[in-house]
Every structure is written in C-alpha cells, then in structure tokens.
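Heads up, the thing below is written out as structure tokens.
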Amino acid sequence: MTARTSVTSSWSGCPATRCPVCSAIGACGCRRSWACRSFPLRPVETGPHYVEERNAVTYDLLTRKWLSVREGDARREIGLRELFECAHELTDIEASPPPGASGLWRVLTVMAARMTGLDDMTLSAYDWGERQAEVLEDRRFDQDSVAEYFARYPGRFDLFDAHRPWLQDPRLREECKGSSGVNKLVMSRPAGNNQVWFNHATALDPPPVPAGEAVFHLLTQLYYGPSGQCTPRVVAGISGGNSKAGPLRRTISFHPLGRTVFESLIAGIPPAHLYDTGGVDLAPWEADELPDPLGVPPRPSGLGGVLTGRFQHAVLLERSADEESVVDAWITWAWRDKEFPADDPYLVYQQNKEGAFYARQADASRALWRDFDSLLLEDVGDEHRRRPAVLAAIEDLRGTLLPVLRARAFGFDQDGQTRDKEWTVGVTPALLALANEIQVARAISDMRQAAERVQRHLEWALRDAWIAINDPSNGNGKPQRKDISKGPWPAQGSFRYWARAERVFWRRVRERRFDSAVDDFLHLALDVYDEVTDSGGPLPRVKRAVELKRGLIFGARPSTGKAGKTSKAKERV
C-alpha cells in the first residue's frame, strides 16, 4: 500500500502541519525537497494535497555496508546479509559503543537461531544439543536458509521505511507533539538542560549521526534507555510523558566468543525450551502489526520474545535529505502497562536477602576477572550468584568448541533513571572449560575471594594510617577527632593493587596453582602500602603511624576456630 500524508497549505510551506520529510513546521521549501528525493507529487494550488511516499528501500540494513567486521588482520564493512553468508570467515564484529554491541549480538542471535532451527521450543534438551552439534559440524550458515529468512520479511530491514522502519514506531511522528532531538539519541551527548562537558554538541546545532552509527545508538536506547520523564506521547486521547527503564539498564552481560562470528553466534544461542512461557515468539521485525501501546505487553516467550521483545521505549529516527544520516529522533514510552519479567540468558543473577534473584549490576570500577568464577559456577559466594544460562549450556560443547571459547562482557554502569556513568568491555582467556572441573572452579573462586579480602584490609590500613597522621592520638587508641576524612591513600592503593592482582590471578589460573594464593596477594598489598605511604614524608609521626597500621593488612589471612570468628567479625566492621 502507498501511504499519503495530508498537508494543509500551498507550495510555499506548511504553516500548520509538520513536514513529512524534514519535520519542520512552517515554510520549509518542501516542494523542492520532495522533488529532489523522487517523491511523486500531486500539487494543488490551495486546500489539502497529498504526498505519495515512494516504496523504494532507502537504507537497507541487509545490503548497506554499516557493520565493521574483522577477517584476520583485515577490516571491512558489510551488511547483514553478507555477515551471515560469510560468518565462518569473519573473526569478529567491531561494534561500538559497547551497549549497542550488546544489543546487536542479541538481535543477531535471534536471526541465527531462526536460520538454524535452534529456536524450536519443542526440542528436548538432548535433541536441541544434537541439533546444535549438527550446525557446528557444518561450520557455516546454510546459504539457502539465510536467503529464505530475509526473503520472509521484505522491507522490514529498512532503517528509514515509511511504514515499518526497523525496530522503530512510525506513529511517533503524529503521536508526539515534538521530537526529542538527535542529541537525545546519542547517550554520550548532552541533551536538554544538561551541562556540556565531554561532548560539545548543542541543541542549537546538533551534528547529524551517520546512519550506520545511528543503528547502534538505536539499540542502546532500546536496551539501556532510562526511566522517568520522556517526550510526551498521546495515543487514543491518553497522554503519557514517562517511561520505564530498558530491559538491560545498568547490567553487565556475558557472551561466548569463538574463533569466528559463526562460532560466536551458535555458541551464544541458549536452549530454546528454557524460554517457552506460552507467549508468542516474535521479534519486532517479524510481527505483522505494530503493537498496541495501550494494551498489555506480550509475555516474553522463545528467543525472539526474551531477547528482542521486552523494549520499554519507542523510537523513530528522522533521515537527512541524502538519506545517509539521522538528523532528529523521537524517543518516548512504548507501553503504559507493566511488563512481564523474564530472565536474560546472558546475565549473572544473584540473590537478595529475601531470596529473590535479580540481575547483577555493572560496576565500571570492578575488573572482569573478579566475576570470572560467576561464569563457571551455579552458586557463588554469599550472594549466591549463578552463571548466565548460555554459559551453562555450552558445557555440552566440551568435545568440540568449549576449549577455545572465551567470554566477552559488555557493561553499562548506570543508575536506574537517567545517569549514565561509563560503559565497559572485556574478554576472558579461553578458560571456560574449567566449569567442568568443579574443584578447580571452586579453587578459582576461593582465590578471587582471597584477593578481595586482602584489598579490603589494605584499604583499611591506608585509611587508618592517614587518620593517625592527622589525629592528635597519632594512632594510639581510637582517634580523638571525628572530622578527619579517609584521605586519598585508600583510592590510590586500590588502583595500584587491582591492576597487579589481576596478573597474579591469571598466572595462577593458567598454572593451576591455587595453594597459598593469599600469600602472593599479601606481598603485593605490602608493596603497594609502602609505595602509597611513601608520599607522607619523613616526619617521625608519619613513620610511626605508617608502621603501626601496617599490621592491619595481615588480618586478611584466613583464621580458624575462635580467632577465625573474630577475624570475620572484624571484616564486617
């Protein structure tokens, strides 16, 4: 069908209606703009006239070269179709920013599951594993299956389609009184009344975003978008100006990483039967109709529903005149009703005091190796952290792919509403096969806990040393003053300690040497303590306080019996 947009004015401009091309209100020179874009026009001197929008694809994600990939040492850009056709030849996808990459891998996983039949929720765990093994034996995607899948949804992968733009809602142009602005689309840019700190894009002159880059910002908004106030949207007379947070907001996700994109995708498909909740298994681009924003959100079911069916934001991108960039955007709420909960297969879940599980939050100050045991074990530490479901499933690949698999982490350190702090990415060594050796995995977890215990005691020692230097007591008994801060030393010590502790950790893991690990971390902590406190100077009261508090570090040694209970109690102080 051909869509028509009513414009109540003459050719000189659109004083009462938003231009369907440039979104301007007023004299926008739309006749010349539309004509140069090959829109078939029906000019009328006065009264309403209609613009029949063309059916041609404007930015086809299947063929446009928007994905940066690496093939060995060579780098090039390709489209979605070539990505799947050549996945067995490609080493990796170089996607940025990391939150957009996290969303992209989920989208690609749904497509890969469709093309291989690994989305079949009727398969038992055994049959699904057999099917996965058969796919891996082929070592590439079946070319006919790739072609058939994309042919099933013609026009659905057009970023700027007038009726069904990919992962967008074209109704926002009419349902939102104003746009959100292209600066709002890019999370690293200041928007609204926010201060200009690291990016000097302003609302007065917002730089356009290349269409290929805009895809990743679109994914970032859908998966990690904020809760709270948003661009108002009116649907059937019901207005709303607030939205819920995206399904991955403030989380860190872990994805299997193989030697090729093909291996990464197949290893990254979780068993479909785990997500059979009775709902409809559809990705947004697979649905025949746009969702009803005032209806009940569909229950996430299957890989399509769990990985791509839980968005809480609706987005629409405005293309530039040359169709190569995005110049404006609408970002608003997608649903008024509450969403159904679902566990994401790439997240670590941990238990709160009430016994409920929730997704582990991203922390930009926490190195990836400190969560490595959470990728190997089903129950870790006091928080009872359990590994991502997809990493539990790859244990069945022990005879083929498991020895070479690594894990890649995408994290976005945010609060629950609007504050975005930092995004992170990291890759583990190819040691996921250690999950099959329970005793080794437990020893790794114990070593990580020893490193953290030593760090806490190092931090206390540096804090108390700083206070002792600046307090009249000079470390004799309790401090007399209560207004002395902990000073800069604890932060300096932690920064130095963690960087070196990681090297100790991985060296011992590779050597499978887990005994007396605490001694290595203690020696490291003592070295760091001396380096940091050396800046205090040669005064006697400084030297005295430093030496008095050095012994606190040794409290990190594990104790037994009554002494052990005392040590644990002290750690909780």
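Tell me, what is the percent relative contact order of the range 440-571, built from C-alpha pairs under 8 Å that lie six or more residues apart? Please list the in-between numbers first.
Working: 134 pairs, mean separation 47.8, N = 132.
In percent, rounded to a whole number, it is 36.
The range 331-351 to the range 238-300: how many Å between their Cα centroids?
Taking the Cα centre of the range 238-300 as reference, the centre of the range 331-351 is 9 Å away.
Report the net charge of residues surrounding Ala272, where surrounding means a beta-carbon distance below 13 angstrom and charges are Lys +1, Arg +1, Asp -1, Glu -1. Intermediate values should be presented prior to the final figure.
Values: positive: Arg114, Arg131; negative: Asp119, Asp120, Asp127, Asp276, Asp281.
That sum, taken over residues with Cβ under 13 Å, equals -3.
Equivalent-ellipsoid semi-axes (√(5λ), Cα gyration tensor) for the range 134-173, whole Å, largest first?
Semi-axes, largest first: 31, 10, 6 Å.
Using the 2.2 N^0.38 Å rule of thumb for compact globular proteins, work out how the range 440-571 stacks up: its C-alpha Rg over that value, please.
1.13
Please arrange Leu458, Leu548, Leu67 by how many other C-beta atoms lie within 10 Å of their C-beta, fewest to most.
Details: Leu458 27, Leu548 16, Leu67 22.
The order, fewest Cβ neighbours first, is Leu548, Leu67, Leu458.
Less than 13 Å apart at the alpha-carbon level, and either on another chain or at least 8 residues along: which aspartates and glutamates does that give for Lys482?
In chain and number order, the partners are Asp464, Asp471.
With unit charges on the beta carbons (Lys and Arg positive, Asp and Glu negative) and the dipole taken about the Cα centre of the range 440-571, which residue among Gly555, Gly487, Leu539 sits farthest to the positive side?
Result: Gly555.
Based on alpha-carbon centroids, what's the gap between the range 432-462 and the range 356-385 in Å, whole number please?
Spelled out, the Cα-based centre of one part sits 12 Å from the other.
Given a cut-off of 24 Å, name the pairs among Lys478/Lys543; Lys353/Lys421; Lys421/Lys549; Lys486/Lys549 whose C-alpha atoms lie farther apart than that in the structure shown. Write out the running numbers ahead of the final one.
Numbers: Lys478/Lys543 18 Å; Lys353/Lys421 27 Å; Lys421/Lys549 34 Å; Lys486/Lys549 14 Å.
With Cα atoms farther than 24 Å apart: Lys353/Lys421; Lys421/Lys549.
Kindly state, to the nearest 0.05, the FRET efficiency for Ser320 paired with Arg259, given R0 = 35 Å and r defined as their beta-carbon distance.
On the way: r = 39 Å, r/R0 = 1.11.
The formula returns an efficiency of 0.35 here.
Only counting other Cβ atoms within 10 Å, I'd like Thr116, Thr122 sorted with the fewest neighbours first. Can you show the working numbers first?
Working: Thr116 22, Thr122 9.
Final ranking by Cβ density, sparse to dense: Thr122, Thr116.
Roughly speaking, what is the stretch gain from Lys353 to Val427, that is 0.36 nm per residue apart minus the C-alpha to C-alpha distance, in nm to one decimal? It would help to have the intermediate numbers written out before the result.
Working: separation 74, 0.36 × 74 = 26.64 nm, distance 3.08 nm.
Gain on extension, Lys353 to Val427, equals 23.6 nm.
If I model a spin label at Arg366 and Arg512 as a point 7 Å from the Cα along the Cα→Cβ vector, what separation in nanometres do I get?
Result: 3.0 nm between the two label points.
Provide the packing ranking of 401-409, 143-151, 106-114, i.e. peptides ordered by the mean count of other C-beta atoms within 10 Å per residue, highest first. Don't skip to the answer; put the middle values down first.
Working: 401-409: 19.6, 143-151: 13.9, 106-114: 23.2.
Highest-to-lowest ranking by the protection proxy: 106-114, 401-409, 143-151.
At a threshold of 8 angstrom on Cα-Cα distance, excluding pairs fewer than six apart, so keeping six or more, what relative contact order does the range 340-465 reach in percent?
On the way: 162 pairs, mean separation 29.0, N = 126.
Normalised by residue count, the contact order of the range 340-465 is 23 percent.
How large is the dipole of the range 440-571 about the Cα centre if only Lys and Arg carry +1 and Asp and Glu carry -1, each at its Cβ, rounded to the nearest 20 debye?
Working: 27 positive and 17 negative charges, 86 e Å.
Here the size comes out at about 420 debye.
Could you derive backbone 3J(HN,Hα) for the range 473-487 from the dihedral phi with the Karplus parameters 6.51, -1.76 and 1.60 (θ = phi - 60°), listing whole Hz in sequence and x where the residue is Gly or Pro?
With coefficients 6.51, -1.76 and 1.60, one gets 5, 6, x, 7, x, 6, x, 7, 9, 9, 9, 8, 6, 6, x Hz.
None of the figures in this text is laboratory data; all of them are computed from the coordinates on show. Quantities reported herein were computed from a predicted structural model and do not represent experimental measurements. A quick note on method: Cβ atoms are made from the backbone with ideal geometry, for glycine too, and the neighbour counts reach across all protein chains shown.
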